[in-house]
1. Can you give the FRET efficiency to the nearest 0.05 for residue 28 and residue 129, using r as the Cβ-Cβ distance and R₀ = 35 Å?
2. Please report the carbon-and-sulfur percent of the accessible area for the range 16-136; probe 1.4 Å, protein heavy atoms only, DNA, RNA and ligands left out.
3. Distance from the Cα centre of the range 29-74 to that of the range 85-136, in angstrom?
4. If you fit an axis through the alpha-carbon atoms of helix 23-33 and take the longest principal axis of the Cα set of the chain, what angle between them do you get, 0 to 90°, nearest 10?
5. Please list the radius of gyration and Dmax for the range 75-128, considering alpha-carbon atoms only, with Å as the unit.
6. Can you give the convex hull volume of the alpha carbon atoms of the chain per residue, in Å³?
7. Per residue, how much accessible area does the chain have with a 1.4 Å probe, in Å²?
8. What does the highest-first list of 110-120, 64-74, 8-18, 49-59 look like by mean Cβ count within 10 Å?
Amino acid sequence: MTATESIAAGTQLPQLQVPPISRTALALFAGASGDHNPIHVDLDVAKSAGLPDVFAHGMLSMAYLGRLLTGWVPQSAIRSYRVRFVAITPVHGEPTCTGHVTAVDEEDGERRATVELRVALADGTTTLIGDAVLVV
């Protein structure tokens with residue numbers, strides 16, 4: 001967790017580097033999430049859709065961003081969290097989750113930070129963008 005008194009616009013969250021997405025991780029996430037869409041785990045299905053291989057569930061990347069947030073503040077401090085999926089994460093992709101504070105204000109007696117979020121691959125491709133409002 002972080003010392004909240006020093007948080008201001010421009011504050012960077014500590015980045016979260018995720019291990020390369022493995023086929024095992026995809027299978028485990030499918031089971032845990034209940035999302036058994038075969039395009040995420042079955043190479044033949046992915047190829048029949050014109051893709052070179054399976055790819056990660058978008059919600060897996062969203063979960064990693066959630067981990068970035070809860071590594072910085074307690075889960076109870078999250079007031080809102082939303083994302084937009086902008087590109088796929090291929091199997092073996094190496095996501096990095098980042099965030100930075102864009103504003104700090106007072107609302108409902110709470111000091112709140114608005115955080116801009118991003119997941120990017122090693123080649124620079126952005127796969128997910130979003131924002132969150134956190135009590136700090």
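1. Here the calculated transfer efficiency is 0.85.
2. With neighbouring chains kept in place, the figure for the range 16-136 is 55 percent.
3. So the separation of the two Cα centres works out to 17 Å.
4. 60 degrees
5. Using the Cα atoms of the range 75-128, the pair Rg, Dmax is 14.2, 44 Å.
6. With only Cα atoms used, the chain gives 108 Å³ per residue.
7. On the way: 7190 Å² over 136 residues.
That works out to 53 Å² per residue.
8. 110-120, 64-74, 49-59, 8-18
The values are calculated or read from the model by the stated rules, or taken from the named source; none is laboratory data. Just so you know, these numbers come straight off a predicted model, no measurement behind them. A quick note on method: Cβ atoms are made from the backbone with ideal geometry, for glycine too, and the neighbour counts reach across all protein chains shown. SASA here: full protein model, heavy atoms, side chains in, ligands and nucleic acids out. Shrake-Rupley method; radii C 1.70, N 1.55, O 1.52, S 1.80 Å.
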